[in-house]
Amino acid sequence: MTGLAIAAHQLRKSYGDKTVLDGVDIAVPEGTIFALLGPNGAGKTTAVKILSTLITADGGTAQVGGHDLATAPQAVRATIGVTGQFSAVDGLITGEENMLLMADLHHLSRNEGRQITAELLERFDLADAARKPASTYSGGMKRRLDIAMTLVGSPRIIFLDEPTTGLDPRSRHTMWQIIRELVTGGVTVLLTTQYLEEADELADRIAVLNNGKIAAHGTPDELKRLVPGGHIRLRFTDPTAYRTAASTLPGAAHDDEALALRIPSDGSQRQLRSLLDRLDTAGIEADELTVHTPDLDDVFFALTADLDHPKETVR
Ligand SMILES: Nc1ncnc2c1ncn2[C@@H]1O[C@H](COP(=O)(O)OP(=O)(O)OP(=O)(O)O)[C@@H](O)[C@H]1O
Ligand SMILES: [Mg+2]
């Protein structure tokens, strides 16, 4: 093993003349959370389906759990769990029966199946609803059942395709907690999301998928430094100090009312130090200094802006 739970190189996939994935590289170290972020139709689900052996790529190579997708798909399947974008829960049967069905699919014995079902239903706060038809569950309960079903086979690598879409804020936080706990237990998670906040909150590394290519990848902080919008804000209470600072820092934007200066910055330590040095040399002391880094929304819009393909219009 390379220390990578998932390693994909130049994945390609087209449907007819539509190129969905156009040479995608993905590297996910073991025991980490990787977020594939992208707008509708970017190819997130396609990438998940390829990596989880549900469909085959037209080109490129990938190893999942150390097994090659092309030559050892069965071994990959034995290592992974997949929670699809659309629920796999059967509404006609109970939550418990859905779980036992998964246990059967994993060839667990009756006892083992009952035991893991009970454990997981308890862990996902579904024990009380276990004997009710899944069609009566709320969206959040169904999503928790989906993930519980994925965990029946104790997978080491889990794919979660939009695990929190449609959940309310509380259910979303519960789901985040569940995902974090999985990773604490050594599991590797690749999730897709359209929520920047979610990627920021959970992911060790993020890749932004756009038009079939990885537009950018890195830690949440690295991505935020890629786009303009970051700045350092200095606020003064003494108008004289404010005016001195304004003349010392010619590149700053002025807010005369708030006695505040806004200096463009990538938020790096180096820039901050040089600014502080200049203020020290001029004998200026700001009353308040804040560093603003752009958030992932800024990054997302900057990277996925597509002038050739303007947003769909309703005719
Ligand atoms: N079986 C298929 N046949 C033809 N086109 C497909 C098929 N599956 C996906 N596509 C197309 O591939 C593109 C990417 O789809 P995909 O489902 O991977 O996007 P996504 O990033 O998951 O989007 P969303 O955020 O809406 O879930 C879309 O344009 C879609 O229409
Ligand atoms: Mg999708």
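Could you run through region 197-226 and say how many residues are more than 16 Å from ligand 2 (Cβ to nearest atom) and not in a strand (DSSP E or B)?
The number of residues fulfilling the criteria is 14.
Just one of (1) assigned to a strand (DSSP E or B); (2) within 16 Å of ligand 2 (Cβ to nearest atom); (3) out of contact with any strand residue (DSSP E or B) (no Cβ under 7 Å at 6 or more places or on another chain) trips up N40, so point out which.
Here N40 meets the rest and fails (1).
Residue under question is V82, and the condition is that it be closer than 23 Å to G65 by Cβ and touching a Leu at 6+ places or on another chain (Cβ under 8 Å); does it hold?
So V82 passes the test.
Only one of (1) assigned by TED's automatic domain parsing to the domain that holds Q85; (2) crowded, with 19+ Cβ neighbours inside 10 Å; (3) more than 16 Å from ligand 2 (Cβ to nearest atom) is not met by T184, so which one is it?
That leaves (2) as the condition not met.
Just to be sure I understand, how many residues within region 227-277 are polar (S, T, N, Q) and either assigned to a loop (DSSP other than H, G, I, E, B) or surrounded by 13 or more Cβ atoms within 10 Å (Cβ to Cβ) (or both)?
So the count comes out to 6.
Working carefully through the options T237, T244, T184, T188, find the one that is in contact (Cβ under 8 Å) with a residue 60 or more places away in the chain and of a type in the set (V, I, T).
T188
Scan region 27-64 residue by residue and report those that are crowded, with 23+ Cβ neighbours inside 10 Å and among the β-branched types (V, I, T).
Listed by number, the residues that qualify are V28, I33, V48, I50, V64.
Against the condition more than 8 Å from ligand 1 (Cβ to nearest atom), farther than 19 Å from G84 by Cα, over 18 Å from the mean Cα position of the chain (by Cα) and at pLDDT 95 or above, how does D58 come out, does it pass?
Yes: the conditions hold for D58.
Does D125 fit the bill of being in contact (Cβ under 8 Å) with a residue 12 or more places away in the chain and either in the same structural domain as V187 (by TED's automatic domain parsing) or out of contact with any His (no Cβ under 7 Å at 6 or more places or on another chain) (or both)?
yes
The values are calculated or read from the model by the stated rules, or taken from the named source; none is laboratory data. Small disclaimer: the values here were computed from a predicted structure and weren't measured. Here the Cβ is made from the backbone with ideal geometry for all residues, glycine too, and neighbour counts use every protein chain on show.
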